[in-house]
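Colleague: Following this message is one structure expressed as structure tokens.
The values are calculated or read from the model by the stated rules, or taken from the named source; none is laboratory data. All values reported here derive from a predicted model rather than from experimental measurement. Here Cβ is always computed from backbone atoms with ideal geometry, including for glycine, and neighbour counts include all displayed protein chains.
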Amino acid sequence: MHILVIDDEKDSLLLLRKILEDAGYKNILTASSAEEAFCILGLKDECEPDSKMDMIIADVNMPGIDGIEAARRIKMHSAFEEIPVIMITASHDMDKLQTAFALGAVDYIMKPINKFELISRIRSVIRLKLEMDKRKEREHELMEVSRQLEDVNRILMRISSEDGLTGLQNRRFFDEHFDIEWKRAVRESSNISLIMIDVDYFKAYNDRYGHLAGDDCLKLVASVLKGLVKRPGDFIARYGGEEFVVVLPSTEAAGALKVAEEMRQAVESIGIVHEGSSVSPNVTISLGVAYAEPLTDNIPESIIAAADRALYKAKSAGRNRVEAS
Ligand code: GH3
Ligand code: MG
Ligand code: MG
């Protein structure tokens, strides 16, 4: 326990040191002025700090910088922000104590100093400080745990294959699994169809009904679309913003067109009102269908581009429709 005692009266310093040492406190440092105390604490450039400090006992009434001002300046330094300060005061200093407490003094004792009073005050201050240190340590541990949880969540999000808004598979899943399906089709000399879907005039929907309503609309559209993806091996993913993609392995163009048309009708018939749409009173989708036999069309990107082109065709032809590449 390192205690710094600041008092301009020599006798008082000697007495305080003796009381503290008799009570078993070992590392007592004394300063007979605020300046000397700043030096001991290493707050002045030319001084080396003596040691770490756990508590300060300061006389309120000193010539030059008084105890209150000294405590204020010491506590301005981050290393001593939390250090407990006990003020020693004569009865005529009592009115200054309010300021001292406002500046963070934790307790005071009156002169002439009573040995038992001083020791019991110090003990309770130490107890308080230990409690506070413990609580800070716990807070620190909790913060560390919640930081670790955030890290884990971030990793989980990254490796997760689910889209947070719609609950469909996400783009990451599509990229990985479309490639797998494509390779399977190559191996099995099979074919594959792809449907690219885009919600019509969705920016206008957001603008008119708000982004949250936009989110709800996407969720609803997603769940209706998912309900129509039935065969094992088929899957639907959120491709981006208001775009979805459906992968239909071992499916001919005619079959894919049929599924696409069902999807178009199903979304329109949910009846989500969309006054900003020029094509229907309700929310609608446009769909582009592409078909490939992976043996001949040899890169998976080609069918994605073809479905994109078909979707573009459906948009330019007026929206709320299905087009094939
Ligand atoms: P088009 O008929 O040609 O498809 O027009 P559009 O307005 O649907 O297309 P555009 O690409 O201009 O706008 C898409 C909008 O989708 C813009 C974007 O703010 C919105 N959007 C994308 N992702 C989300 C989302 O997760 N939630 C919401 N509410 N809006 C989204
Ligand atoms: Mg779009
Ligand atoms: Mg759109």
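Condition check ((1) among the small types (Gly, Ala, Ser); (2) without any contact (Cβ under 8 Å) to a residue 60 or more places away in the chain; (3) surrounded by 17 or more Cβ atoms within 10 Å (Cβ to Cβ); (4) not in a helix (DSSP H, G or I)) across all residues:
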site	(1), (2), (3), (4)
LYS18	no, yes, no, no
MET53	no, yes, yes, yes
MET62	no, yes, yes, yes
ILE74	no, yes, yes, no
ILE88	no, no, yes, yes
ASP93	no, yes, yes, no
PRO112	no, yes, no, yes
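Colleague: Suppose we filter the range 280-303 for residues that are within 15 Å of ligand 2 (Cβ to nearest atom) and either part of a strand (DSSP E or B) or aliphatic (A, V, I, L, M) (or both); how many remain?
Modeller: 5
Colleague: Could you identify the single residue in ASP133, ASP107, ASP95 that is acidic (Asp, Glu), closer than 29 Å to GLY24 by Cα and over 32 Å from the mean Cα position of the chain (by Cα)?
Modeller: ASP107
Colleague: Checking ARG154 against (1) out of contact with any helix residue (DSSP H, G or I) (no Cβ under 9 Å at 6 or more places or on another chain); (2) loosely packed, with under 15 Cβ neighbours inside 10 Å; (3) in the same structural domain as HIS211 (by TED's automatic domain parsing), which single condition isn't satisfied?
Modeller: Going through (1) out of contact with any helix residue (DSSP H, G or I) (no Cβ under 9 Å at 6 or more places or on another chain); (2) loosely packed, with under 15 Cβ neighbours inside 10 Å; (3) in the same structural domain as HIS211 (by TED's automatic domain parsing) one by one, ARG154 breaks only (3).
Colleague: Check TRP182 against each of (1) part of a helix (DSSP H, G or I); (2) within 16 Å of ligand 2 (Cβ to nearest atom); (3) within 18 Å of SER250 (Cβ to Cβ); (4) of a type in the set (A, V, I, L, M, F, W, C) and name the one condition it does not meet.
Modeller: (2)
Colleague: Something else now. Six or more apart or on different chains, Cβ under 8 Å: which pairs go from a residue in the range 194-214 that's at negative phi to one that's hydrophobic (A, V, I, L, M, F, W, C) and near ligand 3 (Cβ under 9 Å from one of its atoms)? Could you list them?
Modeller: ILE197/ILE285; ASP198/ILE285; VAL199/ILE285; ASP200/ILE285; TYR205/VAL199; GLY214/PHE202
Colleague: Here is a further query. Given the residues ALA254, ALA213, which is the only one that is under 30 Å from PRO294 (Cβ atoms) and small (Gly, Ala, Ser)?
Modeller: Criteria check complete, one pass: ALA254.
Colleague: Further question on the same structure: Give me a count of the residues in the range 258-271 that are surrounded by fewer than 19 Cβ atoms within 10 Å (Cβ to Cβ) and of a type in the set (A, V, I, L, M, F, W, C).
Modeller: 2
Colleague: Follow-up question, since we're still on this one. Every residue in the range 268-297 that is more than 27 Å from ALA213 (Cα to Cα) and without any contact (Cβ under 8 Å) to a residue 24 or more places away in the chain, please.
Modeller: THR296, ASP297
Colleague: Between SER189, SER160, SER193, which is more than 16 Å from ligand 2 (Cβ to nearest atom), surrounded by 15 or more Cβ atoms within 10 Å (Cβ to Cβ) and of a type in the set (S, T, N, Q)?
Modeller: Step by step, each of SER189, SER160, SER193 is checked, and only SER193 is more than 16 Å from ligand 2 (Cβ to nearest atom), surrounded by 15 or more Cβ atoms within 10 Å (Cβ to Cβ) and of a type in the set (S, T, N, Q).
Colleague: PRO232 versus (1) farther than 21 Å from ALA324 by Cα; (2) modelled with pLDDT of 95 or more: which is the lone unmet condition?
Modeller: Checking PRO232 against (1) farther than 21 Å from ALA324 by Cα; (2) modelled with pLDDT of 95 or more, the one that fails is (2).
Colleague: Further question on the same structure: Suppose the filter is aliphatic (A, V, I, L, M) and more than 15 Å from ILE74 (Cα to Cα); does LEU29 pass it?
Modeller: The answer is yes for LEU29.
Colleague: Test each condition in (1) touching a residue at least 40 places away in the same chain (Cβ under 8 Å); (2) under 30 Å from ASN320 (Cα atoms); (3) in a loop (DSSP other than H, G, I, E, B); (4) assigned by TED's automatic domain parsing to the domain that holds GLU261 for LEU165 and report the one that comes out false.
Modeller: (4)
Colleague: Would you confirm whether any residue within the range 236-243 is part of a helix (DSSP H, G or I), within 13 Å of ligand 3 (Cβ to nearest atom) and in contact (Cβ under 8 Å) with a residue 40 or more places away in the chain?
Modeller: Scanning the range 236-243 turns up no residue that is part of a helix (DSSP H, G or I), within 13 Å of ligand 3 (Cβ to nearest atom) and in contact (Cβ under 8 Å) with a residue 40 or more places away in the chain.
Colleague: Continuing with the same structure: Can you tell me which residue within the range 196-235, out of those that are within 16 Å of ligand 1 (Cβ to nearest atom) and not in a helix (DSSP H, G or I), is surrounded by the most Cβ atoms within 10 Å (Cβ to Cβ)?
Modeller: That would be ILE197.
Colleague: Here is a further query. Exactly one of these conditions fails for LYS129: (1) assigned to a loop (DSSP other than H, G, I, E, B); (2) away from ligand 1 (no atom under 16 Å from the Cβ); (3) outside the structural domain of VAL247 (by TED's automatic domain parsing). Give me its number.
Modeller: LYS129 satisfies all of (1) assigned to a loop (DSSP other than H, G, I, E, B); (2) away from ligand 1 (no atom under 16 Å from the Cβ); (3) outside the structural domain of VAL247 (by TED's automatic domain parsing) except (1).
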